[in-house]
1. Are any of the pairs Lys94/Lys224; Lys42/Lys94; Lys94/Lys165 more than 31 Å apart by Cα-Cα distance, and if so, which?
2. If only Cα atoms are counted, what is the Rg of the chain, and what is its Dmax, in Å?
3. For segment 166-249, what class follows from the C-alpha gyration tensor (a ≥ b ≥ c being the square roots of its eigenvalues): rounded when a/c is under 1.5, otherwise prolate if a/b is larger than b/c, else oblate?
4. Can you give me the relative contact order of the chain as a percent, contacts being Cα pairs under 8 Å and 6 or more apart?
5. Residue-wise, which Karplus ³J(HN,Hα) couplings in Hz belong to segment 81-86, taking 6.51 cos²θ - 1.76 cosθ + 1.60, θ = phi - 60°, and x for glycine or proline?
6. Got a sec to turn the phi values of segment 222-230 into Karplus ³J(HN,Hα) couplings, 6.51 cos²θ - 1.76 cosθ + 1.60 with θ = phi - 60°, whole Hz, x for Gly and Pro?
7. Volume per residue, Å³, of the convex hull around the alpha-carbon atoms of segment 150-291?
8. Towards the positive end of the charge dipole of the chain, with charges on Cβ (+1 Lys, Arg; -1 Asp, Glu), say which of Gly205, Pro179, Phe252 has the farthest Cα.
Amino acid sequence: MRQLAPSVRQLIALVLLSLLSGAGGATSAQDVSLPGRPDSVKFAVVGDTGTGGRPEYEVGQQMAAAHARFPFELVIMLGDNMYGRQDPQDFVEKFEKPYAALLQAGVKFVAALGNHDSQSNRSYKGFNMDGQRYFTYQRGNARFFVLDTNALDRPQVAWFENALKASADDWKIVYFHHPLYSNAGRHGSDVELRVALEPLLLQYGVNVVFSGHDHVYERLTPQKGITYFVEGASGQLARGDVRRATTTAAAFDRDHTFILVEIDGDTLSFETLSRTGERVDVGVISRRPKS
């Protein structure tokens with residue numbers, strides 16, 4: 001019998017695990033990991049982090065452990081990076097200390113603003129926003145678009161459309177705080193934002209969208225070809241808040257989580273871990289053809 005190449009075996013295993021997660025079961029199988037290609041784009045995703053509480057620190061420790069085997073160079077932050085008081089010492093306690101090991105390793109954090117963030121936080125050096133509410137940047141064959149959904153005004157929408165139109169990148173990844181699709185009970189889908197943004201996401205070939213706000217992890221079934229993730233449980237948690245629906249591909253609301261992502265050519269692989277290291281979702285997304 002002909003043997004499958006290791007990369008093919010790994011891809012099949014990832015898909016099978018993704019199907020298991022989509023059926024509602026978390027898996028802790030540790031023999032499947034992200035591909036870890038030398039030249040791939042590697043990043044992590046956190047949302048609703050800025051509590052300064054023990055769970056945030058434990059997520060940071062788990063991320064540092066993951067970094068040792070999967071050397072991501074970027075962390076995208078989905079908003080609510082600061083809760084409560086936001087004085088200089090709070091940035092130490094709620095960001096610099098929880099992620100100290102990653103920051104010391106040179107990992108770059110790039111934030112979007114959430115509804116609990118002060119607008120002045122866009123000038124905080126550690127969030128790498130360069131004073132901007134919305135902006136774009138590139139890593140390899142992927143371009144990231146960061147929006148401020150606290151105030152989605154006409155100038156921002158016009159900028160977003162022009163930036164999407166100008167991008168010839170293979171992967172277009174958008175992130176912001178309020179989810180267009182969510183089956184969590186506390187907030188759920190922001191339909192008004194969806195009406196404003198979804199036509200642009202579809203027209204200009206966006207592949208993946210990350211949001212926070214709901215304090216759970218959820219991966220939606222592809223909506224009109226786009227995969228949406230909700231990751232709002234990296235510092236806060238709404239235990240038992242997910243109301244599973246036909247649009248829920250996978251969900252986890254029992255513990256705090258973060259996501260690891262790898263883009264290699266036309267394939268995006270992801271792995272979602274809890275603060276204890278439990279693998280709660282894993283899978284592969286193929287790039288949508290350019291229109």
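Taken together, the values in this text are just the output of simple stated rules run on the coordinates, not laboratory data. As the structure is a computational prediction, the values presented were derived from the model and not from experiment. Here the Cβ positions follow ideal geometry from the backbone for every residue, glycine too, while neighbour counts run over all protein chains shown.
1. Numbers: Lys94/Lys224 37 Å; Lys42/Lys94 24 Å; Lys94/Lys165 37 Å.
Over 31 Å Cα-Cα: Lys94/Lys224; Lys94/Lys165.
2. In Å, with Rg to one decimal and Dmax whole: 17.7, 64.
3. Working: a/c = 2.03, a/b = 1.82, b/c = 1.12.
The shape class here is prolate.
4. Working: 680 pairs, mean separation 67.8, N = 291.
The value is 23 percent.
5. Here the 3J(HN,Hα) series is 6, 9, 10, x, 4, 9 Hz.
6. x, 9, 6, x, 9, 8, 10, 10, 10
7. On the way: hull volume 14.7 nm³, N = 142.
For segment 150-291, the hull spanned by Cα atoms encloses 103 Å³ per residue.
8. Gly205
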